[in-house]
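The values are calculated or read from the model by the stated rules, or taken from the named source; none is laboratory data. Everything quoted here is computed from the prediction, not taken from an experiment. Glycine also receives a Cβ, built like all others from the backbone with ideal geometry; neighbour counts cover every protein chain displayed.
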Amino acid sequence: MLTIATNLHTLAVSQYTNFDFNSFVELNGSYYGAGEDGVFKLEEGGFDVAITESEPITAQIKLGPTDLGILTDKRLRKCIIALEATGPVKLTVQANENSNGAVEVNQLSGSPDGRESVIALPFGRDMRGRYFTFIFDNLNGSKFSINNMEAFIEILLRKPETEGAN
């Protein structure tokens, strides 16, 4: 097998042979390679250590803040998520980027065989703001993918009055 790597700073290209990995990642200062035979921690000195089922790998998908194409404040009322997961997945939703925004955490259940589940997730009236950030974390090293997500919102036509305003 031939592997080609490109240094993104210098655009230099390197070739490696007999390196049976199709993807690589750096995680917490260690490097991992994945291939048909599993995931391996790449050790210095040329020996690779197989990652076993007893060593869960944490994963996170963090979607950048979005105003969902609407410039005014809105309430997030419900999300429908098509999820494939072999175990539980934590969804954190944050309204606005500052510390005053509402945060809601939900645990989504996957199926042991990893089949797609469609989950309807309602939100309370406190989940409001202009921007929303969605963060998915696997729990216990479960494998997961998000196939589709729909957000249902209520558009707020004016900002609520603050206390003491005339």
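What to note about this one:
- Positions within segment 1-30 being part of a loop (DSSP other than H, G, I, E, B) and surrounded by 10 or more Cβ atoms within 10 Å (Cβ to Cβ), in sequence order: MET1, PHE19, ASP20, PHE21, ASN22
- Number of the exception - GLY87 against (1) modelled with pLDDT of 85 or more; (2) under 30 Å from GLU154 (Cα atoms): (2)
- Considered as a group, the residues in segment 100-126 that are acidic (Asp, Glu) and more than 9 Å from LEU83 (Cβ to Cβ) include one that is surrounded by the most Cβ atoms within 10 Å (Cβ to Cβ), and that residue is GLU104.
- Against the test of being in a loop (DSSP other than H, G, I, E, B) and modelled with pLDDT of 80 or more, the options THR58, THR92, THR52 yield a single qualifying residue, THR58.
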